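J.: Quick one: this structure, given as structure tokens, is what I'll be asking you about.
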Amino acid sequence: MASIDFNQLLINNTEFLKPFAITLTRDNEVAKDLLQETMYRALANKEKYNVGTNIKAWLYTIMRNIFINNYRRKAKQNTIFDSTPNEFLLNYNQVTATNAAEGALKMKDIQLAIHNLPAIFRNPFMLYFEGYKYHEIADMLHEPLGTIKSRIHFARKLLKEQLTRF
């Protein structure tokens, strides 16, 4: 395939790549960079394109691979960006003391909320909390597995509503 024909194919398919780039990156500027990098890689590897195959699929694959490689590279860097104006807080080793009394009060409230649950929900929840598996609880309470799962779910939901202030 002539270089001019290949370049024209790339130009014609650029518009199809823009929405895909935005979908991947969710950022307009980063999507433009991704599109530019895709076009560069396609031009650099035009000898690898097989004439007659789907060029859109080839370009989508190049773009997806570039995105994945960039994502993995950023994840490995583990970069933390801090835009706080007070840089001295970054390296300030501040020791915090836990308030045992406050923790004890919270624990009492949690235990009270658990014991205020209806017995139908409290018993399976407590067994699950103690480490038993769903099927073991179902066997102990002589109830179907689905019933046990839903009762534990509703117990969690009730506790969540009662303990929203924590």
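J.: Within segment 112-132, how many residues turn out to be part of a helix (DSSP H, G or I) and either modelled with pLDDT under 90 or exposed (fewer than 13 other Cβ atoms within 10 Å of the Cβ) (or both)?
T.: Within segment 112-132, residues that are part of a helix (DSSP H, G or I) and either modelled with pLDDT under 90 or exposed (fewer than 13 other Cβ atoms within 10 Å of the Cβ) (or both) number 6.
J.: Keeping to segment 44-55, report how many residues are at pLDDT below 90 and either basic (Lys, Arg) or assigned to a helix (DSSP H, G or I) (or both).
T.: 4
J.: Given the criterion modelled with pLDDT under 90 and either outside any helix (DSSP H, G or I) or surrounded by 12 or more Cβ atoms within 10 Å (Cβ to Cβ) (or both), identify the matching residue among 40, 60, 92. Before you say what the answer is, go through the steps one by one.
T.: Numbers: 40 fails: modelled with pLDDT under 90; 60 fails: modelled with pLDDT under 90.
Going through 40, 60, 92 in turn, just one is modelled with pLDDT under 90 and either outside any helix (DSSP H, G or I) or surrounded by 12 or more Cβ atoms within 10 Å (Cβ to Cβ) (or both): 92.
J.: Among what's in segment 133-166 and is in a loop (DSSP other than H, G, I, E, B) and within 29 Å of the chain's Cα centre (by Cα), pick the residue that is farthest from residue 111 (Cα to Cα). Can you show your working first?
T.: Initial filter on segment 133-166 (in a loop (DSSP other than H, G, I, E, B)): 133, 142-144, 163-166.
Retained after the next criterion (residues that are within 29 Å of the chain's Cα centre (by Cα)): 133, 163-166.
Details: 133: 21, 163: 11, 164: 14, 165: 15, 166: 13 Å.
Per the criteria, the residue is 133.
J.: Here's something else I'd like to know. Looking only at segment 27-46, filter to residues that are among the charged types (D, E, K, R) and touching a helix residue (DSSP H, G or I) at 6+ places or on another chain (Cβ under 7 Å); which one of those is farthest from residue 70 (Cα to Cα)?
T.: Here is the first cut: in segment 27-46, the residues among the charged types (D, E, K, R) are 27, 29, 32-33, 37, 41, 46.
Add one more test, that the residue is touching a helix residue (DSSP H, G or I) at 6+ places or on another chain (Cβ under 7 Å), and what stays is 37, 41, 46.
Numbers: 37: 11, 41: 14, 46: 22 Å.
In this case the residue turns out to be 46.
J.: Report, by residue number, each residue of segment 4-37 that is over 12 Å from residue 59 (Cβ atoms), under 25 Å from the mean Cα position of the chain (by Cα) and either assigned to a helix (DSSP H, G or I) or of a type in the set (Phe, Trp, Tyr) (or both).
T.: Once the filter is applied, which keeps residues that are over 12 Å from residue 59 (Cβ atoms), under 25 Å from the mean Cα position of the chain (by Cα) and either assigned to a helix (DSSP H, G or I) or of a type in the set (Phe, Trp, Tyr) (or both), segment 4-37 yields 19, 22, 23, 24, 25, 28, 29, 30, 31, 32, 33.
The values are calculated or read from the model by the stated rules, or taken from the named source; none is laboratory data. Here the structure is a predicted model, which is why all the values come from computation and not from measurement. Methodologically, a virtual Cβ is constructed for each residue, glycine included, from the backbone with ideal geometry; neighbour enumeration extends over all protein chains shown.
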